[in-house]
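Report on one structure; see the data block that follows.
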Amino acid sequence: MATGQLFSRTTQALFYNYKQLPIQRMLDFDFLCGRETPSVAGIINPGSEGFQKLFFGQEEIAIPVHSTVEAACATHPTADVFINFASYRSAAASSMAALKQPTIRVVAIIAEGVPESDAKQLIAYARANNKVVIGPATVGGIQAGAFKIGDTAGTLDNIIHCKLHRPGSVGFVSKSGGMSNELYNTIARVTDGIYEGIAIGGDVFPGSTLSDHVLRFNNIPQVKMIVVLGELGGRDEYSLVEALKQGKVTKPLVAWVSGTCARLFKSEVQFGHAGAKSGGEMESAQAKNQALRDAGAAVPTSYEAFEISIKETFEKLAEEGKIAPVKETTPPQIPEDLNTAIKSGKVRAPTHIISTISDDRGEEPCYAGVPMSSIVEQGLGVGDVISLLWFKRSLPRYCTKFIEICIMLCADHGPCVSGAHNTIVTARAGKDLVSCLVSGLLTIGPRFGGAIDDAARYFKDAYDRGLTPYEFVESMKKKGIRVPGIGHRIKRGDNRDKRVELLQLFARTNFPSVKYMEYAVQVETYTLSKANNLVLNVDGAIGSLFLDLLAGSGMFTKQEIDEIVEIGYLNGLFVLARSIGLIGHTFDQKRLKQPLYRHPWEDVLYTK
């Protein structure tokens, strides 16, 4: 066990099992105390590596993250404190790994419930190797104005109120972390504050004892008096009694053992800590208090009088000139986190993203205000979901059914079209699903599958301006623009695309109006008089019929329809549909275990 001071203003720690709030509180304490370097040198998160962003005052810093204790210790050889926030299941193993590192001097174990057999092994190893274990079941410890472990002493406001941002003259040790906060406040009211405070933890077998730390405090020149808060259960306080009797503690010591109320109960009572359970008269609070009093400690008659005893002891030392007045300093202002400031109404900050189609902040996601459960309960389909997410409204069933038919009809068009070909080649190159899908999607454009928007745009413009099919086609010809949605490599006037016929049949049966589709058919009649392959293709059918859907549903303004066409909604429908087929081709090639594709020489014209 160490015989002197554990921490200083240059102490650095390794933090095991990343927890943002305790680490940030440590860094804020560092800044409050005027430290030049952060007290957290590195973070150990099993299985993870990289960096975590945190704040050191106003400056944002990146703290390295390591996957193992060994790697962290090797990278940060000056970090000699190990703060373990692992659960009770893994706290012992990770703590032992830290104790075995030559660079680690102090291990703080926060978890409660560490198996007693494991705790005994840790204690034995630490004592044999002159190392310090604080805990298990501890909040940690603090050296005022220098270093603190995790959540010790709570919020910054409490730290300032308890004068912990600068050193005082009192060494304090307790079993309880919660009561430590209370005593920091009490001591700050009647003395110049804490120099060092330790909560050894409330388990039956703490890694270090009350007397271990009292003896350390006795060797620290800056500590002028010692305050101890014990509790019923166990016999730790009696080692302190022996140290007092043997003259090992030469500084004034004020002590109180809580739990005197236990005698009011007819049967044995287990208090909050695992170790707070009297196992006989000697372990009672009354017996311990009397033993400490007989050994020379200042022991009040009740907890209420504890503060008075601390005050009287401090004032006597001050009168004797053994304690010099502490110069009070104004700690720097810690910048408030943005989220905290926003919640308190102190600042307002602009958002970075606007979303109007979905909201995942409630108990369940909503699509355009419709809860997910409602979509399922009503038996809505993919077309309805597209209706909500793309158009932000619930379209009539014939509209959503039309959307679903378009998806089904456009899902795939064989392995030879450019998109499928690209996907197949990529899959055979051993690439992942997303790469294969994207390679196919990248071919979609004006020459492949991307003509739906243009078809809708040109058909709408021509119809709305009252152009005859002849005027429309000839004007396009003069501009050197092919009519989008007209023409097919295979289909002819006497061999129509079945997909087009199915879409037209559905629309004539269900749509209130098909004026744009009929106009497209009239255009087709004119183009077929020029060439037998200039038929209305699936792009033209979908483009014209979507115009009829938007206009005939009565749910969109003219401006909204123009915007939908301009943004590219209709090509989005083809992209969505064709993704199904491209994914299918990817799986097909991988299932067949096809080798790398190489294009045959005989299919290439080599020329100069």
**OP:** Would you grab the residues whose amide H sits under 5 Å from the one on residue 535? Only those 5+ places off in sequence or on another chain, please, with H modelled 1.01 Å from N.
**Re:** 487, 488
Original post:
What size of dipole, in debye to the nearest 20, comes out for the stretch 13-320 about its Cα centre when the only charges are +1 on Lys and Arg C-beta atoms and -1 on Asp and Glu C-beta atoms?
Top reply: 400
Original post:
In debye, nearest 20: dipole of the chain around its Cα centre with unit charges on the Cβ of K, R (+) and D, E (-)?
Top reply: 1360
Subject >> Relative contact order %, the stretch 45-170, counting alpha carbon pairs below 8 Å whose residues are six or more apart >> reply: 16
**OP:** Report the relative contact order of the stretch 114-259, percent, no decimals, based on alpha-carbon pairs under 8 angstrom and at least 6 residues apart.
**Re:** 24
**OP:** Would you mind calculating the relative contact order of the chain from Cα pairs under 8 angstrom and at least 6 residues apart, reporting the percent as a whole number?
**Re:** 9
Original post:
Using alpha carbon coordinates only, what is the Rg to Rh ratio of the stretch 411-592, with Rh defined as the Kirkwood radius?
Top reply: 1.01
Subject >> Kirkwood hydrodynamic radius of the stretch 13-320, Cα pairs, Å >> reply: 19.8
**OP:** Starting from the stretch 430-489, pick out the chymotrypsin sites (Phe, Trp or Tyr not before Pro) whose DSSP state is loop and whose Cβ has at most 10 other Cβ atoms within 10 Å.
**Re:** none
Subject >> Per residue solvent-accessible surface (Å²) - the stretch 411-592, probe of 1.4 Å >> reply: 49
Subject >> 1.4 Å probe accessible area per residue over the stretch 13-320, in Å² >> reply: 39
**OP:** Would you mind working out the magnitude of the charge dipole of the stretch 411-592 relative to its Cα centre, with +1 at each Lys and Arg C-beta and -1 at each Asp and Glu C-beta, to the nearest 20 Debye?
**Re:** 680
**OP:** In whole Hz, with x marking every Gly and Pro, tabulate ³J(HN,Hα) for the stretch 92-106 from phi via Karplus 6.51 cos²θ - 1.76 cosθ + 1.60, θ = phi - 60°.
**Re:** 5, 4, 5, 5, 5, 4, 6, 4, 7, 7, x, 7, 8, 10, 10
**OP:** Step through the table entries 163/316; 478/558; 392/498; 478/498; 401/498; 431/593, compare each Cα-Cα distance with 23 Å, and write down the pairs that go over it.
**Re:** 478/558; 392/498; 478/498
**OP:** Would you work out which of 533, 575, 459 lies farthest towards the positive end of the dipole of the stretch 411-592, given +1 charges on the beta-carbon of Lys and Arg and -1 on that of Asp and Glu, about the Cα centre?
**Re:** 533
**OP:** Collect residues whose amide H, placed 1.01 Å from N in the peptide plane, falls under 5 Å from the amide H of residue 513; neighbours closer than 5 in sequence don't count.
**Re:** none
Subject >> Sulfur and carbon atoms: percent of accessible area, the stretch 411-592 [1.4 Å] >> reply: 55
Subject >> Karplus 3J(HN,Hα) series, Hz, for the stretch 515-529 with 6.51 cos²θ - 1.76 cosθ + 1.60 (x for Gly, Pro) >> reply: 5, 6, 5, 5, 5, 4, 5, 5, 5, 4, 4, 5, 5, 5, 5
**OP:** Give the peptides 529-535, 449-455, 406-412, 356-362 in descending order of average Cβ contacts within 10 Å, highest first.
**Re:** 449-455, 406-412, 529-535, 356-362
Original post:
Of 221, 172, 296, whose Cα points farthest to the positive end of the dipole of the stretch 13-320 (charges on the beta-carbon: +1 Lys, Arg; -1 Asp, Glu; origin at the Cα centre)?
Top reply: 296
Original post:
Which of the chymotrypsin sites (Phe, Trp or Tyr not before Pro) found in the stretch 508-608 are in a DSSP loop and have at most 12 neighbouring Cβ atoms, other than their own, within 10 Å?
Top reply: 606
Original post:
Roughly how large, in nm² to one decimal, is the mean projection of the convex hull of the alpha-carbon atoms in the chain?
Top reply: 43.4
Subject >> Karplus-derived 3J(HN,Hα), 6.51/-1.76/1.60, for each residue of the stretch 117-124, Hz, glycine and proline x >> reply: 5, 5, 4, 4, 5, 4, 4, 4
Subject >> For residue 450, net neighbour charge (Lys/Arg +1, Asp/Glu -1) across residues whose Cβ lies under 11 Å away >> reply: -1
**OP:** Mind listing the long-range amide H neighbours of residue 66? Cut-off is under 5 Å, sequence gap 5 or more, other chains count too, H placed in the peptide plane at 1.01 Å from N.
**Re:** 43, 44, 45
Subject >> Estimated [θ] at 222 nm from DSSP helical runs (n ≥ 4, -39500 (n - 2.57)) normalised by residues in the chain, nearest 500 >> reply: -13000 deg cm²/dmol
Subject >> Cα-based helix-to-principal-axis angle, 452-464 vs the chain, degrees rounded to 10 >> reply: 60
Original post:
Excluding residue 24 itself, what net charge comes from residues whose Cβ is under 14 Å from its Cβ, given Lys and Arg +1 and Asp and Glu -1?
Top reply: -3
**OP:** Starting from the Cα of residue 100, draw a straight line to each of the lysines and keep only those under 19 Å, dropping any in the same chain fewer than 8 residues away.
**Re:** 120, 131
Original post:
What is the local net charge at residue 159, summed over the other residues whose Cβ is closer than 12 Å to its Cβ (Lys, Arg +1; Asp, Glu -1)?
Top reply: 0
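The values are calculated or read from the model by the stated rules, or taken from the named source; none is laboratory data. These numbers were taken from a predicted model, which means no experiment stands behind them. FYI the Cβ positions are ideal-geometry reconstructions off the backbone, even for glycines, and counts take in every protein chain you see. In case anyone asks, the SASA skips ligands and DNA or RNA and just uses the protein heavy atoms, side chains included. Shrake-Rupley method; radii C 1.70, N 1.55, O 1.52, S 1.80 Å.
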